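Take a look at the structure below.
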Amino acid sequence: MILSAGNHPRWVPGSNLERKLIMEARAKLFGYSIHQMLIVLPLGLLVGAIIFDIVSFIAGGMQWRTVSYWLIALGVLSGLLAAVFGFADWTKIPAGTRAKRVGSAHGLGNVVVVGLFIISWFLRGGPTHQPTALAYILSFVGGGIALVTGWLGGELVDRLGVGVDDGASLDAPSSLSGRPARGAAYGD
Ligand code: HEM
């Protein structure tokens, strides 16, 4: 039984009549979730900042902390942008589902991650300054939390089907075709 078609949650009967929820992302560009497109930026940039902090410990030299400083700035800005689209997708997850709870933990956790990097950035005081120990600690703690929130994001998509097209299958037509993905799986 389809409760609502297109870009909305719908119930799909399972073999044992178990209810299954399939939910496409709300905010899409060229057929794909904008949140899923954007999150590579904060994850890559903020992890890069941690890597260059470690390089600066090992190799010394002002240039590495300058790299970290600007990576954090870009990581925070792209993280805030990604969070807007993640929030838009989260608002449409039906209340009372595990996906809603996991999405809440994922979203709040990521807001904390971005907040920790923002504080770390301000504590650094400038691109050439020697960061305080607290500035380093906040970045590393943020990176540690991001491991958990990133896993929760994967759980949302791979396990709970949030942001996955209705009826996604190996022979689904192109996202740009204007045809629903479910046609190939359901023969219509
Ligand atoms: C810096 C901030 C954020 C990062 C780095 C991030 C990261 C991720 C990752 C890695 C995934 C899994 C993507 C995949 O496996 O393809 C994901 C999915 C998701 N995230 Fe976030 N996230 C952030 C903020 C948020 C916020 C604030 C919310 C709102 C509560 C949110 C809601 C979601 C939802 C609903 C999904 C499921 C997929 C989709 O909607 O397209 N995220 N996120």
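Inside region 84-100, residues that are out of contact with any Gly (no Cβ under 7 Å at 6 or more places or on another chain) and within 11 Å of the ligand (Cβ to nearest atom) make up a count of 7. Given the structure, is Phe57 within 13 Å of the ligand (Cβ to nearest atom), out of contact with any Lys or Arg (no Cβ under 9 Å at 6 or more places or on another chain) and not basic (Lys, Arg)? For Phe57, the condition - within 13 Å of the ligand (Cβ to nearest atom), out of contact with any Lys or Arg (no Cβ under 9 Å at 6 or more places or on another chain) and not basic (Lys, Arg) - is not met.
Take Arg124 and tell me if it is touching a residue at least 12 places away in the same chain (Cβ under 8 Å) and away from the ligand (no atom under 15 Å from the Cβ).
Taking the combined requirement at face value, the residue satisfies it.
Close Cβ contacts (under 9 Å, 6 or more residues apart or on different chains) running from residues in region 130-157 that are away from the ligand (no atom under 16 Å from the Cβ) to residues that are not in a helix (DSSP H, G or I) comprise Pro131/Gly125; Thr132/Gly125; Ala135/Gly125.
Bear in mind these aren't lab numbers, they're just calculated from the coordinates by the rules spelled out. Only a predicted model underlies this, so the values are computations on that prediction, with no experimental measurement involved. FYI the Cβ positions are ideal-geometry reconstructions off the backbone, even for glycines, and counts take in every protein chain you see.
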